[in-house]
Amino acid sequence: MHSKYFKTGAVIAIMLMATLMGLNQFQNPLESVTWANVIDPLMTARTAVFDVVTEYQGHTSEAKLLVMGHLIRYELKPGQGPPIIIFDTETFQMLNMIPEQKRGWLIDLKNLPDEAPENYLESVRDVIKTLQNDPDVSINQLPDSSVDGQNTIVFRARNAQDEITVWADPETLIPVRLDQTENGLHVVCTNFQFDIDLAPSLFSMDIPEGYSTVSGELNLGNLAEKDLVEGMRIWAQTLEDNQFPEDLSAAVYMNKMPEVLERLKNGTLKLSQQQKLDMALQMGQCLQFVGTLKPEQDWHYVGAGVPFGDASQPVGWYKPIGSETYRVIYGDLSVKELNAENLPE
């Protein structure tokens, strides 16, 4: 998955906006409702609060999101990460906090992809604009439907890559639910509140007094093979029992996290706060490197279950841009150059 969605994740989930004035009281509103009416709140919001469930390759995350311009506050479900994450899309800083443990850490994000949205609302807006500008897009009003007991009108827009479905209140036209599907990603947003007053303190990037703190930098520019290899080492040596994972992907990494958190809790895995942050940042760079490899670079991961340190077993290979040969990485993390005809079967 490339940088269009988070990329990460970023980073990761995404959206929205404001109240819509009612139609003229002498009109039957349902006779005049269009796709444009329903998405207007999603396109013009100044602030928004909503719940989001994100599913990607078997991994599910849930959060409450508060959006105020370029500032985003994530309140995550227990066990899915730091309870509070605040992200400033102008300064590209991310603050993570665990209030009950009085711990906080600040991350500087460097060299994010050009495709990264200016602010959180832009992600969904960009998808909607792409759909509307596609001559082959299909936009349809579906039969009315009930969402948690509330009657709604339903519109869907789709093309070959993306699909967005919006359920809205038939009187106010305020969205009740939004589903987005894109390249295996499924996002469901509910419980929308638009253009409400949000306290600036909710988005403060200052770590509260009395918190223990660490800091780091996630640099997504000039990623190189060394970032891939170091991520492989961390995953095999630290996250797994000295073997390589089933796949080198963000989804598998996130699915591994509950087990890692339990090991940290019971003491079978011992890492300082700085070590944990450094590990997470390095894994971010590793997965970003993999995610930005182009199809013509022919990336293959074959390391599932390979023992860490096994110099005879390949775990992956790719072809650098402009190269006639492949870079093959082995279980001891040595790297060899091979022609295509000599690649492992």
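Just so it is clear, none of the values below were taken in a lab; they were calculated from the coordinates. Given the structure is predicted, the values throughout are model-derived calculations rather than measurements. For neighbour counting, all protein chains shown are included, and Cβ atoms are generated from backbone atoms with ideal geometry for every residue, glycine included.
Could you check the simple spin-label distance between GLU62 and TYR211, using points 7 Å along Cα→Cβ, in nm with one decimal? Inter-label distance under the simple model: 2.5 nm.
Specify which residue in the list HIS300, VAL315, MET232 is farthest towards the positive end of the charge dipole of the chain, using unit charges on the beta carbon of Lys, Arg (+1) and Asp, Glu (-1), about the Cα centre. Projecting each Cα onto the dipole axis, the largest value belongs to MET232. Label positions at ASP148 and VAL335, each projected 7 Å from the Cα along the C-beta direction, are separated by 4.9 nm.
Given their separation in residues at 0.36 nm each and the Cα-Cα distance between them, GLU259 and ASP169 gain 28.3 nm when the chain is fully extended. Of LYS102/LYS276; LYS102/LYS226; LYS110/LYS294; LYS102/LYS270; LYS226/LYS276, which ones are farther than 25 Å apart at the Cα? Distance filter (> 25 Å) returns LYS102/LYS226. For a paramagnetic label modelled at 7 Å from the Cα of GLN93 toward its Cβ, which residues of segment 173-211 fall within the zone defined by backbone nitrogen distances under 17 Å? It comes to 200-211, nothing else. Note on ASP241 and GLN193: with the Förster distance fixed at 51 Å, the Cβ-Cβ geometry gives a FRET efficiency of about 0.65.
Counting helices only, and only those DSSP H runs with n ≥ 4, report the 222 nm mean residue ellipticity of the chain as the sum of -39,500 (n - 2.57) divided by its residues, in deg cm²/dmol to the nearest 500. After summing the helix terms and dividing by the residues of the chain, the value is -6500 deg cm²/dmol. Over all directions, the projected convex hull of the C-alpha atoms in segment 223-342 averages 7.4 nm² in area.
Placing pseudo-labels 7 Å out from each Cα toward the beta carbon at GLN275 and GLU296 gives an inter-label distance of 4.4 nm. In a DSSP loop and with at most 12 other Cβ atoms within 10 Å, the GluC sites (Glu not before Pro) in segment 223-325 are GLU324. Kirkwood hydrodynamic radius computed over segment 83-185 comes to 16.6 Å, based on all pairs of distinct alpha carbons. Straightening the chain between LYS129 and GLN161 buys 10.2 nm, computed as 0.36 nm per residue apart minus the Cα-Cα spacing.
Given a Förster distance of 22 angstrom, what is the FRET efficiency for LEU343 paired with GLU55, based on the Cβ-Cβ distance and rounded to 0.05? E(calc), rounded to 0.05, equals 0.05. Each principal axis of the Cα cloud of the chain was evaluated for its coordinate range; sorted largest first, these ranges are 78, 55, 34 Å.
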